[in-house]
Structures are given as structure tokens and as C-alpha cells.
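The values are calculated or read from the model by the stated rules, or taken from the named source; none is laboratory data. Being a predicted model, the structure only gives us computed values, none of them experimental. Counting neighbours? That spans all protein chains shown, and the Cβs are built from the backbone with ideal geometry, glycine included. Calculation scope for accessible area: heavy atoms of the full protein, side chains included, ligands and nucleic acids excluded. Shrake-Rupley method; radii C 1.70, N 1.55, O 1.52, S 1.80 Å.
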Amino acid sequence: MTPPSLGKDLLGLEKLTAEQIRLVLDTAEPFKEVSERAIKKVPTLRGKTIVNLFFEASTRTRISFEFAQKRLSADTVNISSTGSSVQKGETLVDTARNLEAMRIDMVVMRHPSSGAAKFLAERIRSNVINAGDGQHEHPTQGLLDLLTIRDNFDAIDGLKVCICGDILHSRVARSNIWGLLKLGAEVAVCGPQSLLPRGIEGLGVQVFHRIEQAIEWSDVLNILRLQLERMSAGYIPSLREYYRVFGVTMERLEAAPKDLLILHPGPMNRGVEIDSRVADGPHSVILSQVTNGVAVRMAILYLLAGGEPALAEAAKRTNREGAE
Amino acid sequence: MRVCIARRSISQRHGVSALTDVAAASNFRGDMGSMHTRTLLDSAAIAKALERISREIVELAGGTEHLALVGIQRRGVELAERVAKLISQREGADVPRGAMDITLYRDDLQTVGPRPIVGETRIPFDIDGLCVVIVDDVLYTGRTVRAALDQLADFGRPCRIGLAVLVDRGERELPIQADIIGESVNAPGKRVDVLVSEVDGRDAVELVEASE
Amino acid sequence: MKPLLLKGGHIVDPSQGYDAVGDLLMAEGRIEALSKGLSAPDGADVLDVTGKVVAPGLVDIHVHLREPGREDAETVATGAHAAAAGGFTSICAMPNTDPVTDNQAAVGFIVKQGEAAEAARVYPIGAISIGQRGEHLAEFGELIHAGAVGVSDDGHPVVSSHLMRTALEYSLTFGIPVADHCEDPTLFEGGAMHEGLVSSRLGLKGIPAAAEEIMVARNIMLAELTGGHAHLLHMSTRGSVELIRRAKDRGINVTAEATPHHFTLTDDACEDYDTNAKMNPPLREQDDVAAVREGLKDGTLDAIATDHAPHHYETKERDFDDAPFGIVGLETALGLGLVELVEGGVLTLPELITRMSTAPARVYDLPAGSLARGAQADVVVFDAAARWTVDPQRFRSKSHNTPFAGRELAGKVEYTIVGGRLVF
């Protein structure tokens, strides 16, 4: 029996098996301890070169990855490009070829286009970690959310988790939906229909149009950030109105039949999708998510890095068969 | 074949049991059935050896006041627990215990295939100024101990680090020697399996060789 | 030019209801005779085409030839040769070139390049508006005089209903169709593929079926209002097909076309972000594919047109959002029609020839689509049973962007004859 492995790249949770997801979560556990040490560094990725390629502004994710890389002793280079002056596609192909020519080992990429991570992964030998591609997936965020939920419950299997807010434009939502479904959770989404993807029920999730119903149903709420530009694009009338109709407030939570665990991938718009008293309240695990983020990313880097390409290839084939 | 066995010395201790590890090593190609096993130490002999080891550890540390034990995952952790219990019964002192998984410090991570599972590392005390005795089941190439020493250095600066092993089977690849040894075994080309009841259901040290 | 006699073929000419084994004689660039047992006149070339289908040359009323502007992707000449290789003898070139084909000089240039290519005949379609900007009508009279056969702003929808109305009214003078790319830009905005479960999963911005159907409905209403001939380009949804069916029932002057990819593929082809499955209108759902097939069967959709859209390989070698829309179609259209529609039990062979030759010729009133005596001797000869595998590297087209690479198709083109002369 081949031990579970992730293969060459981490592109999304949709293509992972439950076993692979559990492998990442289990592997993250020992890495939590490394970050608690006085000397927060292990030599595991010594000599590995990792490029953090960010075509979109990001502070948290990039910093979290950087901490994870440095704590594993990897050498890192950060490349940021807004992609505004150059045509994105040309840059991506050329960047891929240039990176390959510099003999790097791994690329962590964020890109505004869905599918961009897969595009890159198919064109370079280095490992590719998707740090968010368009509105498609943000797998490390999904995994750290899963880890945080698992930390607080005995098991994810059978839990009721509702993802609230702008599902339409959210890669975090998609990664969460796949991960939660694969680990056996019941999943719902809640938001105005104008911010829900067409046919989302087809993925096997429930839909709530009222936040009160979502709160009554759920064990866990994962509250997404409402991108402020959605208002100017006409998806919702105003932030004030959004808070009034969809905001997760203390009053609404207190009316719930049970205590809920509150997650938010950050950064928060306090007083828009989430009330400050909820964010800072006893059921919020928002800061644990941040802590877990580093451990999950260390686990991913550890699981993907190195190894003989032939073995990694064989493992990838097995993965594919396993995923059928 | 022989070289292959030696190279797997570190990973061997990370399997659920030594036997499954052999099954995973495809180089053995199905001659599983013709394995020949001989018991080197039985349960009573292991108990006796641990008793002696526990005395020598206290001797080495000049008492229990500054002594701490750190077992190496997996079976070293169980052995350290037993040694601590023996010391506690005899000396009445509760010796601090820690556990270390050395996977992240391995020197062969780049060449192995799928990533090994990382076990727990837990050292819930400050090691500065202590006499830390590393406890492991088998001393072989010395690479695990090298990794353990590096890892321990990241936790602090003990005044002394010792090494106690149940079995020393020689064939070192690094200049590392144990301070305290339960049993020395000369077994080139063979495998030495340490089984502990907490993990394997019984206590034994066995010599395994492939018969012709 | 020597007379040319095709002997023993299975002749299919929907324009005369001919569907039998026979001989076809061409002379002086015209069809001379069609019957059994013709003997070759003195000095005639004779081709034995026993077992092969002989039909009026195929007519593709919707191609993009990229010249002028993107000659790296296609030229009028390479497009005309790709057409000939695909069995087409007449093609209509859309005006979204750079510069736009919105004046008589530009139309004349396409005509001249087409004649020089000595392959399929190339008929330019002029722009509806200057620069295809949707503001001021182009000079239809001048365009037609220079050789254009119709007008369209294809590539862009005619957003202004007023402009569309005016174009339809003005077109009455010249008896030409006004062809519209039906798309509501506010529903389309930023879209990359069909809006549905697949787009939701892939995180790509969807284009709802309604974006097309709203404009189809509008164009039908304006055709009714004006009496002008509205031609609706590349219909892709069930809603569109049903709107057109009702309009035709009521006698409104509309015609419509559908592409081979819209009667073959669904949005599942976008899986894995294959940029060769990115087209506009996007690949829809199974039910839409079924509706397009029904429309081709009952004549709601008059014509099969390829929307041949060559793109240089590097422009498709991009992330999905950034890649351009469109695929090449000239060299796979007949094969897809035979496999998907004829072998698929949707159309008979004469019906396929109707949709690919006779009916499209009628949309733009082209001298094509018939083997009647005196007609232009534009003929295709193909082996309907022969199987072949699509290898884009062997295309005559300069571009290879197709989602059908590796697919087995039927129908090997043996000869393409334009004006009595072999061009393939």
C-alpha cells in the first residue's frame, strides 16, 4: 500500500481525496509545536528555493506563507506584480519559463484568473502551491479553516457548516465547500442571491437567503469578507443595508438554539458582515485560524517539497486513480 | 540489498511495526515468507536491561536532580517512560520526560519518496542546564542521534547530553557512541527489531534474516 | 479551361431534390449537365468518383480571416485554402479586421485577396457601423457596390436598438441581411463561459443564456417593425431557437445559423480550463445542444456556419480569463456534421447539404448551393464513410485552436471544385 501523498502541486481541494485532506491536517499538528518553540526553525527545507509570486495584493496569505517557509529554513524570494501594466497571460507564460530557468524548487502563486495555478503547474517542473486563483480556489485557506473547525469539535463528519456572504466571487468559499463535503460535513451557503453562484445547489450545498435561518441551522459559521467593490458593481444596494439584512450580530447569535463557532478568513469589515462583538467574542476562532494558517502551510510545504521526481510522479498517478 | 537495509535504518523506526516496514520495502520482493526470526532478548531480559539502564542513567547524571529523559519516536518514547517509572520507583523522583520526532531534521528527506509522517515532539520543560539523556531503541548508523542532537540544540543548552539505547548493533556511519547500552548485537546484513508492548503488543528484541 | 466530368458519384443536390447516382459535367465554369450515363466531351478531364458523394460546394457564411490586422493568425489566402480543404467553395468574411471592413476600399481589398488565393470564393461582409463602434451607420451602398454581400458588426453586438432598427430599414434598399451577434453587454460583462454549474465550480464568470435571448427577441421585434431581414449569428440556446421558431411561424423576416461546436459540445469542455473551449457565445448545456439540433432539423436554424476564428497559438496559451474567444472550424465542420448529425440520426445527408450549402447561400443570396444547369460549377466530392482523426498540425489554416484535436470524424474531402477548377 502506498502511503498517501499530495503529488506535485496543491491546486485546490476539489481534486483531493478525503484521505489526502486528512494527511495535511494530521501533518499540520506537529508543525503547530514548531511555532511555539523559542527557536522557531527546523532545517527541513534547507537549500530549497521558493518563489512567492503574487499577481494580486495580499498581506496575510503572503506573510503566512513566508513565515512557514522561513520556519522550515527555505530560501524565499517575493515577486509582486499587479498585472496592470503588462498583459497577464503573457506575463504568466514568460514568468513560468523564467522561473524554470532559474532552477527554483517551488512556486507559491496568487493570481486574479481562475485556473492560473493549474496553468502554471502544467508548465513547470517545480511544485506549485495555489495561494488563490481568481474566484476558483484558495486551498490553504480551506485547509486551515478545516483544521480550526477540527480543533474545536471531535470530528468534522456530521457538522453543519454555513458559509456566509459573497459566495459568487469567493475562492475561499469553493475550497471550504469541497473540503467540508469530502470530510462529511453538511454545508450551506447564505447570502443575497445576487452573490450566490448559479446552480450552487448542484455541488451538494443548501442555500439560505436569510441569515437568521442560517444561524438557526448551523454549528459553525464561516463569514466571508464582503469585497467593498461589490457594492459599486451593483450586487448589493449598500453596506449599511447588507449589515442590516445579513450582518452576523450578537443579537442574532443569541437567538440561536446553540452556541456557534465563528470563523472569518479576514481581513474583516467590522460592522458590515460581522459585528465587532461577535468577532471579539468567546465563540470567535478568527485568531486561531491565523495561527493554524502557518502550521497548515508548513505542512503543505513539507509534504510537497523534494523527493525524487519519479517517486512523486508515481505518487501522483496513484492519487489520480484514488481520486476516481 | 544490504546497503538498502542500512539506508532505511531511520525510517524503520517510523513504521507502525517493524514487520509492516519490511513489507513496505519493496526490495524484499515477496521473499517475506522465507524470513527467519530469532529472539535475542525476551520480555524478562528486556526488563532486566532496562533496570540496569535506569541505574546507569542516574549514575551518569549524578543523581536525579538535573536529569531529564527525551525519548525518540516511536519506541524510544515508550522506553523512556519505562526508565522514568523505574527511577521513580527506586529513587522516588519524578524525572521530566519529553518526546522527539526527528523527521524534520533528517538528512535524507530529499531522497525519500512520499513524505514520512511527522510524529509529535513534546518537550514541556526548559532543558537549559539539565543533563538530558536521549533514549532510543536501536543505535545503528548514528544518523537518528545526529538529528536528535541538532533538534535538542534548538530547544536550549543542556549542561550534558547522554545517550541510552536498548540495542547497539554497530555499523555506525557517523562518529557517535552511546553512553549506556542494554545489549550489543553484531548482525551485519540482518535486521534488528525492537518490539515494545505499548506499540507492538509484546516485548522482544528479534534478529530477522532472509534465509537462502 | 477543359470540361470536367465526374462519373459515378452519389449526387446530392437539395436545390433540385436530386439524390441518386449519376454523372456531373462542368464546362466554362458552369454546370453543364447532371444525369446518368453522361459521356465525356472531347478533351474533357474525367474523374471517377464512384462511391463518393458529389454535392454543391459547401458555403460558410461566417468566417474570420484576420486580414488585414492579424496575418499571423490567418490571411484571406490561407483561410480560403483551409475552406477548400474543408469542402467549402464560398465563404463570407466578417468585417472585424484591423482596420474594420467598413468602407469600399477595405471591401475591395478582401475581394482582391480572395481572387488571388484561387481557392474558395471569398465574399466580404461589411460593417454595420463605422469602426464597428455602434454609433454611425456605415455606407451600405458603397460596401455592396464594392462586393459586400451583407452587413454585420460581428464580434460586437449592435447594442443600440435604434441603430439596429435603422440598419434594418436602410438595408431594404439593397436587399441584404443585417447580421447581429446577439449579446446583451451588461449581462455578458467579463464573462468567460456559460453560466451554470461548471462555471460555478471553476470560478469563472458566467454568461447567462438570457444575454443572447434578450437580443434575439429584440432583433425579431425590430425585424417585424421594419420588415428588414435580420440574420441571427451563431445561436446557442434553447430559448433562442424557440424565439426564432415562433417568429418564423409568424412570417417575420429572420434567418439564423448555428455552429458545429454548438451542436456538438457542452460547457463540460471548459473543464480543466481548456482555452480551446472558450468561445462566444459560450458552449452551453446538453438541453441547448438538443435544441440547436432540433432547430437545424426543422429549419428554424437555416444554416450551419463555423464562426471560424483563428488565433495565434500564443494568445490561447494563457489563463482562461485572458485567452481570446473562438476556434477554427473550416476543416472540421463537414466531419462534425456527418458524425454528429447524419450518423447521429438528426439529419439526412441531403438535409446536411441543405444546411451547409443551399440554405446558407440563400441567406446572403450567393450564387452557390446548387448543381442546376447553368449554376457556377462549385462542387464538393467527399467520401462520407472514410474516418480520419483531427490533427491540427495538418490544417491548412494558419491557426490550430480547436477543441476537436484527436477526435475521429467522418467524411474525407476528395475534391473541391470552384468554377469548374480543382482547388483541392
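Here's how it looks for C:I61: its modeled amide H is under 5 Å from those of C:C92, C:T306, which are all 5 or more places away or on a different chain.
Using a 1.4 Å probe over protein heavy atoms, the accessible area lost on pairing B with A, summed over both chains, comes to approximately 1700 Å².
With all protein chains kept in place, the per residue accessible area of chain C amounts to 34 square angstrom at a probe of 1.4 angstrom. Comparing the full protein assembly with the isolated chain, the residues of region C:308-327 losing at least 50 square angstrom of accessible surface (1.4 Å probe) are C:E317, C:R318, C:D319, C:D322. About its Cα centre, the dipole of the protein assembly as shown is roughly 1760 debye, where the only charges are +1 on Lys and Arg Cβ and -1 on Asp and Glu Cβ.
Each helix, a run of at least 4 DSSP H residues, gives -39500 (n - 2.57); summed and divided by the residues of the protein assembly as shown, these come to -9500 deg cm²/dmol at 222 nm.
Using the alpha-carbon centroid of each, what span in Å lies between region A:94-155 and region C:160-225? What the calculation gives is 37 Å, centre to centre. With the simple spin-label model, which puts each label point 7 Å out from Cα in the Cβ direction, the C:D42 to C:R407 separation comes to 5.1 nm. Think of a 1.4 Å ball rolled over the protein heavy atoms: chain A then has 40 Å² of accessible area per residue. Calculated FRET efficiency, B:K48 to B:V208, Cβ-Cβ distance, R0 = 22 Å: about 0.45 to the nearest 0.05. DSSP beta bridges confined to the protein assembly as shown are antiparallel in about 35 percent of cases.
Proximity of backbone amide H atoms, modeled 1.01 Å from N, is registered between C:C182 and C:L233 at under 5 Å, excluding neighbours fewer than 5 places apart on the same chain. By the gyration tensor of its Cα atoms, with a ≥ b ≥ c the square roots of the eigenvalues, what is the shape of region C:79-228: rounded for a/c under 1.5, prolate for a/b over b/c, or oblate? Taking the square roots of the gyration eigenvalues as a ≥ b ≥ c, region C:79-228 is oblate.
Simple spin-label estimate for C:E142 and B:I176 gives 8.8 nm between the two label positions (7 Å along the Cα-to-Cβ direction from each Cα). Taking only Cα atoms, what is the 0 to 90° angle, nearest 10, from helix C:286-298's long axis to the longest principal axis of chain C? For C:286-298 against chain C, the angle is about 40 degrees.
Which of the aspartates and glutamates could a cross-linker span from C:K36 if the Cα-Cα distance has to be under 17 Å and same-chain partners fewer than 8 positions apart are dropped? Filter leaves C:D13, C:D19, C:D23, C:D48. At a 1.4 Å probe radius, carbon and sulfur cover how many percent of the accessible area of the protein assembly as shown? About 50 percent, which is the carbon plus sulfur part of the accessible surface. Of the residues in region B:147-163, those shielded by at least 50 Å² of accessible area once partner protein chains are present, compared with the chain alone at a 1.4 Å probe, are B:D154.
Chain A packed on chain C takes about 1900 Å² of accessible surface away from a 1.4 Å probe, both sides summed. For region B:10-210, the solvent-accessible area of protein heavy atoms averages 43 Å² per residue (probe radius 1.4 Å; ligands and nucleic acids excluded). In this rough spin-label picture, where each label sits 7 Å from Cα along the Cβ direction, the B:D107-B:D150 distance is 0.8 nm. Shape class for region C:14-126: prolate, because the ratio a/c of the largest to smallest gyration tensor axis (alpha-carbon atoms, square roots of eigenvalues) is 1.5 or more and a/b beats b/c. On the basis of the beta-carbon distance and an R0 of 25 Å, A:R244 and C:A210 show a calculated FRET efficiency of 0.25. According to the square roots a ≥ b ≥ c of the eigenvalues of the Cα gyration tensor, what is the shape class of region B:87-191, taking rounded for a/c under 1.5, prolate for a/b larger than b/c otherwise, and oblate for the remainder? Oblate is the answer for region B:87-191, as a/c is 1.5 or above yet b/c matches or exceeds a/b. For A:I163, the residues whose amide H sits under 5 Å from its own are A:A188, A:V189, A:C190, A:N222, ignoring neighbours fewer than 5 places away on the same chain, with H placed 1.01 Å from N. Helix C:209-226 and the long axis of chain C differ in direction by around 70°, with both axes built from C-alpha atoms. Could you state the angle between the C-alpha long axis of helix C:76-85 and the longest principal axis of the C-alpha atoms of chain C, as a value from 0 to 90 degrees rounded to the nearest 10? Long axis of C:76-85 versus the principal axis of chain C: about 60 degrees. Burial annotation for region C:163-209: residues with an accessible-area loss of at least 40 Å² between the isolated chain and the complete set of protein chains, computed on heavy atoms with a 1.4 Å probe, are C:E195, C:L197, C:S200, C:R201, C:G203.
Debye-formula intensities of the protein assembly as shown, expressed as log10 I(q)/I(0) at q = 0.08 Å⁻¹, are -0.86 (one equal scatterer per alpha-carbon, no solvent). Coupling constants for region A:189-202 follow from the phi torsions by the Karplus curve (6.51 cos²θ - 1.76 cosθ + 1.60, θ = phi - 60°), and in residue order they are 10, 9, x, x, 4, 5, 10, 10, x, 4, x, 4, 4, x Hz; glycine and proline get x.
Once the other residues with Cβ under 15 Å from the Cβ of A:S232 are scored (Lys, Arg +1; Asp, Glu -1), what is the net sum?
Net charge around A:S232: -2.
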